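Asker: Have a look at this one.
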Amino acid sequence: MIKLYGIRQSRAVRSLWALEELGVPYENVPIHFATDAKTPEYKRINPNGRIPMLVDGDVALFESMAINLYLAKKYDKSGLYPKSVADEGRAFQWSLWGMTETEGPLLQVLMHRAFLPPAQRDEALAQAGVDKLAQPLAVLDAALAGKKYLLGDAFTIADLNLASVLSWALATKLDLSKTPNVARWLGECCSRPAFVKAQRG
């Protein structure tokens, strides 16, 4: 059976979402990033000492986006994985773009508005993260104009991967009023039953 190492309150939730969308049997091994992931036993599975980690038979993968693209390509039966090479490229594009353009600023906002103890939060740093997000969110808003999802009318792994990063915007109650296409799309993606189940277990 597929094993996914990591807790839901981490980037592992991205791969749990993919597994739930695909409807394949799996075991979630609740490895915590701050403690369990640093043990010698876990480092024999993932020498990076990070989560998530996927073990599927003789395939072992780290990095949430790589895990999700692999899962979708191997196990898709309902259109989650793109049909054309061009759309496959776009799925890679949006998955990597989410990590390089939005994850850093979003994490900065999340830390200083929610995760850190109140005494350690710095609203100036949170606002700096918000400001950094303005340009990439405008790019995404333009890309979604006239389309329900990133690749057209159907929800795909491109949407799942990017929305799994941007879901942090909902956790911080980030104002998305200037990017209504993003707000609508993100709300639809994060209301999917598989996302809700991945978060709650």
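Asker: Which number in (1) within 22 Å of VAL196 (Cα to Cα); (2) surrounded by 14 or more Cβ atoms within 10 Å (Cβ to Cβ); (3) without any contact (Cβ under 8 Å) to a residue 12 or more places away in the chain marks the one condition that GLN9 misses?
Answerer: (2)
Asker: Looking for whichever is surrounded by fewer than 16 Cβ atoms within 10 Å (Cβ to Cβ) and closer than 30 Å to PHE155 by Cβ here; the options are ALA124, ALA119, ALA134, ALA128. Which one fits?
Answerer: After ruling out the rest, the residue left standing is ALA134.
Asker: Looking at LEU174, LEU96, LEU151, which one is outside the structural domain of LEU16 (by TED's automatic domain parsing), of a type outside the set (D, E, K, R) and over 24 Å from GLN199 (Cα atoms)?
Answerer: After applying the criteria, what remains is LEU151.
Asker: Do you know which of the residues in the stretch 85-141 that are of a type in the set (A, V, I, L, M, F, W, C) and over 20 Å from the mean Cα position of the chain (by Cα) is farthest from ILE67 (Cα to Cα)?
Answerer: ALA119
Asker: With the condition kept exactly as written, say whether any residue in the stretch 28-36 is more than 21 Å from TYR149 (Cα to Cα) and part of a helix (DSSP H, G or I).
Answerer: Yes.
Here's the yes/no breakdown for (1) touching a residue at least 60 places away in the same chain (Cβ under 8 Å); (2) part of a helix (DSSP H, G or I); (3) of a type in the set (S, T, N, Q); (4) not assigned by TED's automatic domain parsing to the domain that holds LEU144:
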| site | (1), (2), (3), (4) |
| --- | --- |
| GLU21 | yes, yes, no, yes |
| ASN48 | no, no, yes, yes |
| VAL55 | no, no, no, yes |
| MET65 | yes, yes, no, yes |
| ASN68 | yes, yes, yes, yes |
| ALA91 | yes, yes, no, no |
| GLY104 | no, yes, no, no |
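Asker: Next question. Looking at the stretch 145-152, is at least one residue surrounded by 15 or more Cβ atoms within 10 Å (Cβ to Cβ), in contact (Cβ under 8 Å) with a residue 12 or more places away in the chain, part of a loop (DSSP other than H, G, I, E, B) and touching a strand residue (DSSP E or B) at 6+ places or on another chain (Cβ under 9 Å)?
Answerer: Scanning the stretch 145-152, I find no residue that is surrounded by 15 or more Cβ atoms within 10 Å (Cβ to Cβ), in contact (Cβ under 8 Å) with a residue 12 or more places away in the chain, part of a loop (DSSP other than H, G, I, E, B) and touching a strand residue (DSSP E or B) at 6+ places or on another chain (Cβ under 9 Å), so the answer is no.
Asker: Against the conditions (1) closer than 22 Å to GLN9 by Cα; (2) surrounded by fewer than 19 Cβ atoms within 10 Å (Cβ to Cβ); (3) at pLDDT 95 or above; (4) assigned by TED's automatic domain parsing to the domain that holds THR172, where does ALA114 fall short? Just the number, please.
Answerer: Failing condition for ALA114: (3).
The values are calculated or read from the model by the stated rules, or taken from the named source; none is laboratory data. Fair warning: this is a prediction, and the values are worked out from it, not measured in the lab. Here the Cβ is made from the backbone with ideal geometry for all residues, glycine too, and neighbour counts use every protein chain on show.
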